[in-house]
Amino acid sequence: MTEAVSLDNLMQEIVQEYESLSRQMKIIAKYIEQNKETLVLKRITEIAKDCDVQPSAIVRFAQRFRFSGFSEMQEVFRQAYAKQAVTPANYQQRIRKLIVTRDAQFNVGDLAREFIDASKVGLEELTAGLDDEALEAAVTMLQKAESIYVVGVRRAFPIASYIAYALQNVNKKVHLVSGLGGMVRQQIRSVGERDVVIAISFTPYGKETQFCARVGHRHGARVLVITDSVLSPLARVGDTVLNVVEGNAFAFRSLTSTICLCQALFIALAYRMEMGVEEAADAVDYDD
């Protein structure tokens, strides 16, 4: 590839071409999307191992997007993240070294601190990558909704439960699609075009959540997706997508960043709605 390519343009092209990619290339695409900040420090063999593919598959992926090879594609990420990439990579190296070299009898306090540190890194990445326009669109969507349906299963269920709880404090009809008694279909079937579905799911993406998002989309409802990748199957039916990638340690992913994002979303909505009430009250006072 001779002409300069920006990272944003490359990622947009990957999203557009995602459905036409092979299974292996989809895995690589998702890995790249989720590791943009640290890709410049990774060897092709490390990426191949993480994706469980051969290095030649990484080369074919680069060539699929008109690069001569992996190094040329990697240069796009190097130019975009030259200044920011060092910190998270250093953290990853430290945490991996601690995991590999720690004694069998590790201190519980140290274990807790490592997990807390991983959560801090996730919060820092959330702050750096926060999409103001998407957040604004999400708040507007919720403000206009007649009813709000919230769905998240397994690891995402506590997040869904929290959002449903928080939204009870604003003047909205809120439905938590819990699937209790196997009644996911029954709980989502009344969603309509004046409603919003909040669909929360992370890899490997709950089938129930995907189903509810599709139903909402078919019924004309607005769909707010909270997920870990723009390549998530949920993102394809989402009117607005909020991406959040959690920190992880000991093969466990934190929920800290997602909870924080959801709290910020609720507070912004509550603020917006309260401001609307005050403006209406001021208008009445003025008319009197």
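Just so it is clear, none of the values below were taken in a lab; they were calculated from the coordinates. Just so it is clear, the structure is predicted and the values come from calculations on it, not from any experiment. Because the Cβ atoms are built from the backbone with ideal geometry, glycine has one as well, and the counts that use them run over all protein chains shown.
A simple spin-label model places pseudo-atoms 7 Å from Cα toward Cβ; at E136 and S22 they are separated by 4.3 nm.
Using a cut-off of 31 Å between Cα atoms, the listed pairs K173/K207; K42/K120; K26/K120; K144/K207; K30/K172; K30/K173 include K30/K172; K30/K173 as exceeding that distance.
Pairs of Cα atoms nearer than 8 Å and 6+ residues apart set the relative contact order; for the range 7-81 it is 31 percent.
How would you classify the range 7-81 from its alpha-carbon gyration tensor, with a ≥ b ≥ c the square roots of the eigenvalues: rounded for a/c under 1.5, else prolate if a/b is greater than b/c, otherwise oblate? Cα axes put the range 7-81 in the rounded bin.
Please work out whether the range 132-279 counts as rounded, prolate or oblate from its C-alpha gyration tensor, where a ≥ b ≥ c are the square roots of the eigenvalues and a/c under 1.5 means rounded, while otherwise a/b larger than b/c means prolate and anything else oblate? In terms of gyration-tensor shape, oblate.
Distant-in-sequence amide contacts of V150, defined by a placed amide H-H separation under 5 Å and a gap of 5 or more residues or a different chain, comprise H175, L176, V177, I198.
Overall, the anisotropy analysis places the range 193-240 in the prolate class: the square-rooted eigenvalues a ≥ b ≥ c of its C-alpha gyration tensor yield a/c not less than 1.5, with a/b exceeding b/c.
A simple packing score, the average count of other Cβ atoms within 10 Å per residue, orders the peptides 227-235, 166-174 as 227-235, 166-174, with the highest score first.
A simple spin-label model places pseudo-atoms 7 Å from Cα toward Cβ; at N169 and D239 they are separated by 2.5 nm. Considering only C-alpha atoms, what is the centroid distance from the range 174-229 to the range 1-50, in Å? Computed from Cα coordinates, the inter-centre distance equals 29 Å.
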